[in-house]
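The values are calculated or read from the model by the stated rules, or taken from the named source; none is laboratory data. For clarity, every value in this text was computed on a predicted model and none was experimentally measured. Backbone-built Cβ (ideal geometry, glycine too); neighbour counts: all protein chains shown.
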Amino acid sequence: MTKPLSGIRVLDVTNVLAGPFCCHQLAHMGAEVIKIETPERGDLARRLGADPALSEHAMGVSFLAQNAGKHSVTVNLKHPDGKALFRRLAKSADVLVENFRPGVMDRLGVGYETLKEDRPELVYCAITGFGQDGPWKDRPAYDQIVQGMSGAMETTGQPEGGPQRIGYPVADTVGGMTAAFAVAAALNARPRGGYIDVSMLESVLATMGWAVSNHLIAGVAPARMGNENPTSAPSGLFRTAAGDLNIAANKEEQWVALTDHLGLPHLRDDPDYATRENRKANRVALKKALETVLTTRAADDWEAELNALGIPAGAVLTVPQVLKAPQVAERGFLETFDSVPGVPGPVTVASTGIKLDGAPLHVATPPPALGADTDHVLRELGLSSQEVHALRKSGAI
């Protein structure tokens, strides 16, 4: 199968997560992704992750997670010859993705206005915390900072508690996914070429459309609801005899089926639960009433029975549990590389969650060692062995 971005060359001038995650999507869609890294140090993610030994060898778990299928080329953008080489690489590219603070690439002499002189068709995507303009544009941005400033943390957690961060770097990954979508769309434009400004803050806000609209249109500010669904009840997390269970009886027929199955049809005669709005207003008491029955059996049992009745339900799983579940394990979501430079043993990582024509998207090569492809890519660019040697000797690569 020919992948959608086959034949597209992407320069990945990014670090840590938002940018690498964007280019991770593009690589799985078939793009040739050349990761430009600083000589000797490389992507900071090479030193991050839960395995200190891998981090010590510049193949940290955080790097392995989203850099499969890419080529690593080291270029010193502060060296005159490095800048010239980078411009030459950019001239051969269709896309460039970077996640420096605003103005950094310009100060290095390789910003969009410079590069488009050589390559007007270049799709240039800049990912930052807050965007290329505005009073916050120069602030440093990490995932948790953006989670807090977007309002996402203020809407997460128990009503009686304080704000809670979402348990994975959602701002980085949403920012990266937004950038990948924008790049893929820009590649379809004619004439091709332009500057894409992706704000992680606005990317997160865009995913909060319901919460934002409740404030803008209905005048209701989002509030922390814990594990309850603010739009319906009973809809949230429930205790069982073994494990927690999410139930989403959002439709009237689901509410009827649930109370019938639990042997609690009399709840429908209670004025406190007569309508959706009544159930929302009295959700705490309703939850306790339902749990008197739900706590008599295990979550797995209820999950199977309720789903069979058309009542959405799902046990709360750990990451190891869901990865072993047949639904994930049998769809080819994970990809394993038997041999990865600098890593003892095989490496298994997540792919994209996308299938094309029934086939999951995978890449052919494992995450690269730092600078592993420098010589090959530069020779392909037309440089001789002597020129590559001279660049390395000067510190440009």
* Asked: List, please: which pairs have Cβ atoms under 6 Å, are six or more places apart or on different chains, and start with a residue in segment 24-41 that is not assigned by TED's automatic domain parsing to the domain that holds Val123 and end with one that is acidic (Asp, Glu)?
  -> none
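What are the residues in segment 19-58 that are among the small types (Gly, Ala, Ser) and under 18 Å from Ala185 (Cβ atoms), if any?
Gly19, Ala27, Gly30, Ala31
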* Only one of (1) of a type in the set (S, T, N, Q); (2) assigned to a helix (DSSP H, G or I); (3) not assigned by TED's automatic domain parsing to the domain that holds Cys125 is not met by Asn250, so which one is it? -> (2)
* Asked: So which pairs qualify, if the first residue must be in segment 221-248 and under 20 Å from Glu277 (Cα atoms), the second must be among the acidic types (Asp, Glu) and surrounded by fewer than 19 Cβ atoms within 10 Å (Cβ to Cβ), the Cβ gap must be under 6 Å, and the two must be at least 6 apart or on different chains?
  -> Leu237/Asp244; Phe238/Glu291
* To do: Restricting attention to segment 144-163, report how many residues are closer than 22 Å to Trp210 by Cβ and either free of Cβ contacts under 8 Å to residues at least 24 places away in the same chain or assigned to a helix (DSSP H, G or I) (or both).
  => 6
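If you check Val10 against the conditions, is it without any contact (Cβ under 8 Å) to a residue 40 or more places away in the chain and either among the β-branched types (Val, Ile, Thr) or outside the structural domain of Gly129 (by TED's automatic domain parsing) (or both)?
On the way: without any contact (Cβ under 8 Å) to a residue 40 or more places away in the chain: no; either among the β-branched types (Val, Ile, Thr) or outside the structural domain of Gly129 (by TED's automatic domain parsing) (or both): yes.
No, not satisfied.
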* **Odd one out for Glu303 among (1) within 30 Å of Gly42 (Cβ to Cβ); (2) not assigned by TED's automatic domain parsing to the domain that holds Met59** => (1)
* **Condition broken by Glu330, with the remaining ones in (1) under 30 Å from Val363 (Cα atoms); (2) surrounded by 14 or more Cβ atoms within 10 Å (Cβ to Cβ) satisfied** => (2)
* Counting only residues that are among the basic types (Lys, Arg) and out of contact with any Leu (no Cβ under 8 Å at 6 or more places or on another chain), which one in segment 221-278 is farthest from Leu205 (Cα to Cα)? -> Arg268
* Pro367 passes all but one of (1) surrounded by 15 or more Cβ atoms within 10 Å (Cβ to Cβ); (2) farther than 22 Å from Lys3 by Cα; which number fails? -> (2)
* To do: Would you mind stating whether Val170 is buried (at least 22 other Cβ atoms within 10 Å of the Cβ) and in contact (Cβ under 8 Å) with a residue 12 or more places away in the chain?
  => no
* Among (1) among the hydrophobic types (A, V, I, L, M, F, W, C); (2) in contact (Cβ under 8 Å) with a residue 24 or more places away in the chain; (3) within 28 Å of Gly209 (Cβ to Cβ); (4) out of contact with any strand residue (DSSP E or B) (no Cβ under 7 Å at 6 or more places or on another chain), where does Leu108 come up short? -> (3)
* Structure fact -> Picking from Ser339, Ser394, Ser384, Ser351, the residue that is hydroxyl-bearing (Ser, Thr, Tyr), closer than 21 Å to His24 by Cβ and over 21 Å from the mean Cα position of the chain (by Cα) would be Ser339
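Can we say Gly42 is surrounded by fewer than 24 Cβ atoms within 10 Å (Cβ to Cβ) and closer than 25 Å to Gly131 by Cβ? Give the steps one after another, and end with the answer.
On the way: surrounded by fewer than 24 Cβ atoms within 10 Å (Cβ to Cβ): yes; closer than 25 Å to Gly131 by Cβ: no.
No, not satisfied.
Filter segment 72-128 down to the residues that are part of a loop (DSSP other than H, G, I, E, B) and small (Gly, Ala, Ser), then identify the one that is surrounded by the fewest Cβ atoms within 10 Å (Cβ to Cβ). Show your work before the answer.
Residues of segment 72-128 that are part of a loop (DSSP other than H, G, I, E, B), as a first pass: 75-79, 92-94, 99-103, 108-111, 119-122.
Those still in the list that are small (Gly, Ala, Ser) too: 92-93, 103, 109, 111.
Working: Ser92: 15, Ala93: 21, Gly103: 12, Gly109: 15, Gly111: 18.
Top of the filtered list is Gly103.
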* To do: Answer yes if at least one residue in segment 339-347 is out of contact with any Gly (no Cβ under 9 Å at 6 or more places or on another chain), surrounded by 13 or more Cβ atoms within 10 Å (Cβ to Cβ) and part of a helix (DSSP H, G or I), and no otherwise.
  => no
* To do: Please state which one of Ala141, Ala184, Ala126, Ala171 is touching a helix residue (DSSP H, G or I) at 6+ places or on another chain (Cβ under 9 Å) and modelled with pLDDT under 95.
  => Ala141
* **Unique match (being more than 30 Å from Lys83 (Cα to Cα) and of a type in the set (A, V, I, L, M)) among Leu391, Leu356** => Leu356
